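Comments concern the structure below.
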Amino acid sequence: EEEAKLQNGGFVPCPPGPGGGGVPGGTALEEPLRSCRLRSEAERRGGTAAGSSPPPLGPGDDAGSRAQAAPGVRTSRGRTEPAALAAAPLGFMDVNLNSRNTYEVSRRRSAPEHLPLGGTAPAAPPPPQEPAERSRRAGIASAGSSFAEFFTRNFFAKRTKELKPAAQSAPGWKLFGKVPPRENLPKDSKIIQQEYEARTGRMYKPPPPSARRKNIEFEPLSTTALILEDRPANLPAKSVEEALRHRQEYDEMVAEAKKREIKEAHKRKKIMRERFKQEENIASAMVIWVNEILPNWEGMRATRRVRELWWQGLPPSVRGKVWSLAVGNELNITPELYEIFLSRAKERWKSFSETSSENDVEDVGASVADREASLELIKLDISRTFPSLYIFQKGGPYHDLLHSVLGAYTCYRPDVGYVQGMSFIAAVLILNLEEADAFIAFANLLNKPCQLAFFRVDHSMMLKYFAAFEVFFEENLPKLFLHFKSYSLTPDIYLIDWIFTLYSKSLPLDLACRVWDVFCRDGEEFLFRTGLGILRLYEDILLQMDFIHIAQFLTKLPEDITSEKLFSCIAAIQMQNSNKKWAQVFASLMKDSKEGDKNHSPALKS
């Protein structure tokens, strides 16, 4: 009996039922639940120790034998008995619902019914059964298995999703690995268009080939965002006449924009070509100036070749050197002398800031008020010198340098002091020369007769210069001269600012430097010739203006003025009047003024 129970998984075999034997229907139903309950009861009561887990399968064992031995507990006599066979009545709450027992029950039901202990093969096959008995047992087994499968399928088993076979195409990609490729292939634009038309009921009519844009690269930038489209669906559609008119207006706008931008592109290309050509000329001229002219300055400065190169503009690398040589050093100023006057200027600034102005020691020819005004004007003018460059303002790299040069000059020439406009001249020299050389050139430049007359505000000399200018003004530009006379527009209104700053404030800096190049070659005559060239350049505009607008225009000239246009107008000015040059005309004016003074002197005395 015990051996039969071992073969039957620890259960007492039931006698065969009526009709030839077999297993009653209740046994098949109770067998999985009872095995699960018996194992759970054995685990609760401590029948199975922590280290007495089922041994691994041997060579002759299989899952079926493991499943038959699992529900029982081995005793000291070496036999396996059901654990707590009648401990509690059978109930669903006592079932240990875990995946292992479920798996063992399902495996044990599929195993052979009669297996000997130890997993060896059976000695003899079970006795044959009649067909009626087999069919009845099959029905009972199917009923039991269907009931067990109901619990295992709905409560215990894990459902596994069946993966669809991957397509043969290359897998897709995502952020952290491969994913199966998309089943829907990308649709063609025509298919998408057909689906959209079928869904909305609207037909898309492509524009005629003539209306499409052909040259996208020449499309004007200002109209690329302007797209001519039909009205939205919620608004009335355009009529045929209106659509044609809008299309025509749109085409005209695009054509005008294309013409304007093509014209501007050609203009920019022309400017770039001229600039490249000018740079090439400057590079070649620099070699000539460095290797030929500067080593033989005294012998070649007056030659025709050098004067022509001079007119074309000096290379920036030799500009400062040529300016120093052309201006000269008649005052015999040395760098050591500049340091002396600079130290004096610093002492004056320090004493002016610490003590009152009444206790200062007055310089010869300069009062305390004049020195105070000079210091204040220097401080004010430096901040207004080339404001667009941001290099001469406070905190800029050339602020202190410009302040030193101007302060040293006020100590060197106290009779002149500081006059507004000097800061622009000193700034241009500092940009092209070293500090001491800039001071030497600055002092000698302001010592020229024309600059000295203007900066010392010598009214009689200034009037003579204005009179000489009007002589050549009437000779070269008679219409504009009469127009100015009709408004009583005298040269002092616009010439003073030009002469005081040597055009460095009125013209762009690069153009002003080129004016300075020829001014160092020709002297004061070129300053007035440049003024006439500016009037000639804007003659047509000035003839349409009145007094106020002329004064405003000449005070602030247009910024787009180019050196080629200006120097072509300057070259057209003839500085001759009745076969008299500038120097001769100015000398005759000086002589006439002296004779007039002699004639009027008795009357003045009386």
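The values are calculated or read from the model by the stated rules, or taken from the named source; none is laboratory data. What you see is a predicted model, and the numbers here were worked out from it, not measured in a lab. Because the Cβ atoms are built from the backbone with ideal geometry, glycine has one as well, and the counts that use them run over all protein chains shown. The protein model used for the area step is the full one, side chains on, heavy atoms only, and it has no ligands, DNA or RNA in it. Shrake-Rupley method; radii C 1.70, N 1.55, O 1.52, S 1.80 Å.
Here are some notes:
- The single residue among Ile216, Ile262, Ile282 that is modelled with pLDDT of 90 or more and either β-branched (Val, Ile, Thr) or exposed (fewer than 11 other Cβ atoms within 10 Å of the Cβ) (or both) turns out to be Ile262.
- Residue under evaluation Asn359, criteria (1) in the same structural domain as Pro335 (by the TED database); (2) surrounded by fewer than 17 Cβ atoms within 10 Å (Cβ to Cβ); (3) modelled with pLDDT under 85, criterion not met: (1)
For every residue, the table says whether it meets (1) under 25 Å from Trp310 (Cα atoms); (2) modelled with pLDDT of 90 or more; (3) out of contact with any Ser or Thr (no Cβ under 7 Å at 6 or more places or on another chain); (4) part of a helix (DSSP H, G or I).
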site: Tyr503; (1), (2), (3), (4): yes, yes, no, no
site: Leu507; (1), (2), (3), (4): yes, yes, yes, no
site: Phe519; (1), (2), (3), (4): yes, yes, yes, yes
site: Phe526; (1), (2), (3), (4): yes, yes, yes, yes
site: His549; (1), (2), (3), (4): no, yes, yes, yes
site: Ile570; (1), (2), (3), (4): yes, yes, no, yes
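- Leading residue by the ranking (nearest to Arg456 (Cα to Cα)) among those in the stretch 490-542 that are in contact (Cβ under 8 Å) with a residue 60 or more places away in the chain and among the β-branched types (Val, Ile, Thr): Thr501
- When Phe472, Phe484 are checked against the criterion of being surrounded by 16 or more Cβ atoms within 10 Å (Cβ to Cβ), touching a Lys or Arg at 6+ places or on another chain (Cβ under 9 Å) and in contact (Cβ under 8 Å) with a residue 12 or more places away in the chain, Phe472 stands alone in meeting it.
- Some residue of the stretch 257-271 being outside the structural domain of Ile570 (by the TED database) and under 30 Å from Ala427 (Cβ atoms): yes
- Residue count, the stretch 219-257 (criterion: of a type in the set (Val, Ile, Thr) and at pLDDT below 55): 2
- Which listed residue, of Phe442, Phe466, Phe473, Phe424, is of a type in the set (Phe, Trp, Tyr), farther than 28 Å from Arg536 by Cα and in a helix (DSSP H, G or I): Phe442
- Of all residues in the stretch 380-411 being at pLDDT below 90 and at positive phi, the one that is surrounded by the fewest Cβ atoms within 10 Å (Cβ to Cβ): Gly395
- Condition check for Gly407: outside the structural domain of Asp546 (by the TED database), within 28 Å of Phe586 (Cα to Cα), out of contact with any strand residue (DSSP E or B) (no Cβ under 8 Å at 6 or more places or on another chain) and small (Gly, Ala, Ser): no
- Note on the stretch 572-582: residues that are open to solvent by less than 70 Å² (accessible area, probe 1.4 Å), over 13 Å from Leu527 (Cα atoms) and either within 47 Å of the chain's Cα centre (by Cα) or at pLDDT 90 or above (or both) total 1.
- Taking every residue in the stretch 255-273 that is farther than 17 Å from Thr562 by Cα and assigned to a helix (DSSP H, G or I) and pairing it with any residue that is open to solvent by 80 Å² or more (accessible area, probe 1.4 Å) and not aliphatic (A, V, I, L, M), at least 6 positions away or on another chain, the pairs with Cβ-Cβ distances below 7 Å are Lys258/Phe218.
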